[in-house]
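First comes the structure, then the notes that go with it.
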Amino acid sequence: MNPATSPPGTTPAPGGPRSAPYDAFHTARARTGLVSRLYARAMGEDYPTEAAPFSSCDVPLLGLMAARLRMRPHQLLVDAGCGTGGIGLWLARALALNLDGFDLSSVAVARAAVRRSRFAVPAHRAAFRVAELEATGLPASTAHGIVCVDALGRATDRQEALRELGRVLAPGGRLLLTRATRHTTVPAWEDQASAAGLTVEHVDERPDEPAMWDRLYRLWIAHADALRYELGESQAQNMLDEAYRMLPMLPGRRAVLLTLRRPERVPSRRLVADTMAASVGRFRGGPAHQERTSQ
């Protein structure tokens, strides 16, 4: 979740003021394993130790994403808002994919590049770079799959980010997004997807996600002094502010994984006309029908 301070292969770019909080976030957490240990305690046996994400991504979500992507070996997966790269690298290794990960933080993508060897993913198959959700720098229709875990909330314009990710998807490709709303609210996911040229293929409920955040936030509060010592006053206070702000909002929270798909290419007019003619021929017992029945 970490909307204010959370993390959301390697090409530096000018970060500017937007990247500064995220660079500080990743720099502080790289100095200590305390935060990862608290995530592990909150998730229990569902904690993906190898991926070690600073997000709500657990082992069940990794497995679900691998299934929903429906990708073939050597296709391109994009990890949008990749942080330190664990999620994308885990999926790339599991599915034998090529990976392009990007994040707003140059500190994060530098760490992601270092982690490639831990997943036995060679450098020519996994690249990490600095980019924004609204401006990925990727050519149109190049990605066969995109994952964006707990990162869309960092976009300055969420709908523009969704359009950009939809632009990058190849026809038939899928974009997997973690989203949250209230159980009492009718989400606008269908309309948002349609505006980005996508369709909603699956909505998978994540009923255990709010309770995980509840446990994690309470651990942050209980370990406030240790966080201040390990991370410094500023980063620790950001985490504590988030915990106190978000805890009252967790009851009634609905968390899901959205699978959005870019439709296949629309057939050309000539192809449509040929198909219609063939259909008419079959209906009338014409040449198309005769050819089929003579085989």
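The values are calculated or read from the model by the stated rules, or taken from the named source; none is laboratory data. In this text, all values refer to a predicted model and were calculated from it rather than measured experimentally. A quick note on method: Cβ atoms are made from the backbone with ideal geometry, for glycine too, and the neighbour counts reach across all protein chains shown. Protein only, heavy atoms only, side chains kept; ligands, DNA and RNA dropped before computing areas. Shrake-Rupley method; radii C 1.70, N 1.55, O 1.52, S 1.80 Å.
Collect the residues in segment 246-264 that are under 25 Å from the mean Cα position of the chain (by Cα) and either open to solvent by 40 Å² or more (accessible area, probe 1.4 Å) or at positive phi (or both), keeping them in residue-number order. Can you show your working first?
Start the filter on segment 246-264 by keeping residues that are under 25 Å from the mean Cα position of the chain (by Cα), which leaves 246-247, 249-264.
Matches in segment 246-264: MET249, PRO251, GLY252, ARG253, ARG254, ARG261, ARG262, PRO263, GLU264.
Would you confirm, using the coordinates I've provided, whether ARG31 is at pLDDT below 95 and either closer than 19 Å to ALA143 by Cα or of a type in the set (D, E, K, R) (or both)? Give the steps one after another, and end with the answer.
Details: at pLDDT below 95: yes; either closer than 19 Å to ALA143 by Cα or of a type in the set (D, E, K, R) (or both): yes.
Yes.
Kindly indicate whether VAL147 is β-branched (Val, Ile, Thr) and more than 26 Å from PHE102 (Cβ to Cβ). First the steps, then the outcome.
Working: β-branched (Val, Ile, Thr): yes; more than 26 Å from PHE102 (Cβ to Cβ): no.
Here the answer is no, as VAL147 does not meet what is asked.
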(request) Would you check if there is a residue in segment 249-265 being assigned to a helix (DSSP H, G or I), closer than 30 Å to LEU138 by Cα, out of contact with any helix residue (DSSP H, G or I) (no Cβ under 8 Å at 6 or more places or on another chain) and charged (D, E, K, R)? (result) no
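For every residue, the table says whether it meets (1) assigned to a loop (DSSP other than H, G, I, E, B); (2) open to solvent by less than 50 Å² (accessible area, probe 1.4 Å); (3) within 21 Å of HIS144 (Cβ to Cβ).
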| site | (1), (2), (3) |
| --- | --- |
| VAL35 | no, yes, no |
| ALA42 | no, yes, no |
| GLU50 | yes, no, no |
| PRO60 | no, no, no |
| ALA67 | no, no, yes |
| ARG118 | no, no, no |
(request) Select from segment 77-116 the residues that are open to solvent by 40 Å² or more (accessible area, probe 1.4 Å) and part of a strand (DSSP E or B) and list them in ascending order. (result) ASN98
(request) Can you give me the number of residues within segment 138-164 that are β-branched (Val, Ile, Thr) and part of a strand (DSSP E or B)? (result) 2
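Having 1 or more residues that are modelled with pLDDT of 95 or more, surrounded by 21 or more Cβ atoms within 10 Å (Cβ to Cβ) and among the hydroxyl-bearing types (Ser, Thr, Tyr) is the bar; report the helices (runs of 4 or more DSSP H) wholly within segment 165-245 that clear it. Steps first, please.
Working: elements: 189-195, 209-222, 224-231.
Qualifying helices (runs of 4 or more DSSP H): 209-222.
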